[in-house]
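So the structure is just underneath, and the comments pick up after that.
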Ligand code: ISE
């Protein structure tokens with residue numbers, strides 16, 4: 001009963017997930033790959049036994065050997081793919097963001113509620129990262145007391161050519177919206193975005209870096225330094241400040257070398273490298289749950305809440321004002 005997975009979107013993340021399902025994860029295989037670029041889909045499928053290439057996600061999802069779907073296409077394509085997966089009642093692991101804005105995320109959430117059972121796990125992989133998991137467990141013990149502030153640094157070596165200023169929020173800070181909600185157990189109620197003079201290393205017209213501040217319903221203040229053209233590598237760090245202590249992750253001190261009058265280590269260059277183990281754990285957990293007939297992990301509600309915070313963030317960026325986050329009432333289904 002190996003799970004046949006259709007991977008929709010074979011860009012950087014999708015291609016990495018294809019490799020992961022084939023080579024790392026137990027209990028699943030890639031039975032279909034879908035890409036708008038037919039040649040790319042064919043090339044990837046040709047290297048995998050029993051894998052068919054498609055350009056249309058709906059055609060792949062109708063295939064008899066497809067039991068589950070991993071969506072890794074760009075965010076704006078997610079809603080249509082999710083709704084099609086629901087029509088076939090297929091379990092889905094959907095890469096973040098669930099969708100790029102709150103209205104479309106709400107449509108997805110409502111469609112899942114109508115279906116009557118959970119089908120979606122959202123790909124917020126930080127929840128599966130060993131360091132984040134440690135931080136979460138520590139907070140749950142209560143030893144540190146109530147969280148007061150959370151400082152985040154999120155840096156990429158360079159942004160891809162299609163990146164826009166609003167994507168620093170909707171595509172990148174999207175991770176901190178979920179990490180904040182998950183670590184603190186608070187909802188984010190308002191967003192501010194400060195705009196330092198852009199780095200000369202950023203492409204023209206890209207507001208990079210950005211300094212984002214969240215207020216939460218538990219009274220915490222959270223900041224995010226979002227910098228997608230830092231040049232030196234991929235870094236994700238977080239420090240929580242609580243009533244009785246602090247905890248920090250992401251320093252990357254796995255190995256420190258001393259050589260020629262200097263000490264140091266290496267910095268990962270992209271998310272595929274930095275979060276490799278988190279993605280492995282995330283996809284294995286999804287496959288295991290799916291084979292048991294269960295759905296675990298970040299929900300469509302989490303995806304919706306994140307999308308709503310990001311939408312407020314994009315407005316805060318564009319208008320230079322504090323923007324409150326408006327969420328619909330949380331359906332009982334997601335409690
Ligand atoms: C990308 O889509 C990701 O999800 C990465 O984790 C993030 O660091 C990057 O900024 C996003 O564009």
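The values are calculated or read from the model by the stated rules, or taken from the named source; none is laboratory data. All figures in this text were calculated on a predicted structure; none of them were measured in a lab. All Cβ positions, glycine included, derive from the backbone under ideal geometry; neighbour counts span all protein chains shown.
Across region 229-246, the qualifying residues are those that are within 15 Å of the ligand (Cβ to nearest atom) and over 15 Å from residue 274 (Cα atoms), and the one among them that is surrounded by the fewest Cβ atoms within 10 Å (Cβ to Cβ) is 231. Within region 136-163, the set of residues being within 16 Å of the ligand (Cβ to nearest atom) and either outside the structural domain of residue 180 (by TED's automatic domain parsing) or in contact with a helix residue (DSSP H, G or I) (Cβ under 9 Å, 6 or more places away or on another chain) (or both) comprises 152, 154, 156, 159, 160, 163. The conditions of being crowded, with 21+ Cβ neighbours inside 10 Å and touching a strand residue (DSSP E or B) at 6+ places or on another chain (Cβ under 7 Å) are not met by residue 249.
Filtering region 203-217 to residues that are outside any loop (DSSP other than H, G, I, E, B) and surrounded by fewer than 18 Cβ atoms within 10 Å (Cβ to Cβ) leaves 211, 213.
Screening 200, 220, 179 for residues that are surrounded by fewer than 16 Cβ atoms within 10 Å (Cβ to Cβ) and either farther than 14 Å from residue 124 by Cβ or within 13 Å of the ligand (Cβ to nearest atom) (or both) leaves exactly one candidate, 200.
Just one of the numbered conditions (1) within 15 Å of the ligand (Cβ to nearest atom); (2) out of contact with any strand residue (DSSP E or B) (no Cβ under 9 Å at 6 or more places or on another chain) is not true of residue 169: (2).
Residues to consider are 81, 105, 63; find the one that is over 18 Å from the mean Cα position of the chain (by Cα) and not assigned by TED's automatic domain parsing to the domain that holds residue 245.
63
Restricting attention to region 91-129, the residues that are within 16 Å of the ligand (Cβ to nearest atom) and free of Cβ contacts under 8 Å to residues at least 60 places away in the same chain add up to 0. When 319, 329 are checked against the criterion of being farther than 30 Å from residue 230 by Cα, surrounded by fewer than 17 Cβ atoms within 10 Å (Cβ to Cβ) and assigned by TED's automatic domain parsing to the domain that holds residue 224, 329 stands alone in meeting it.
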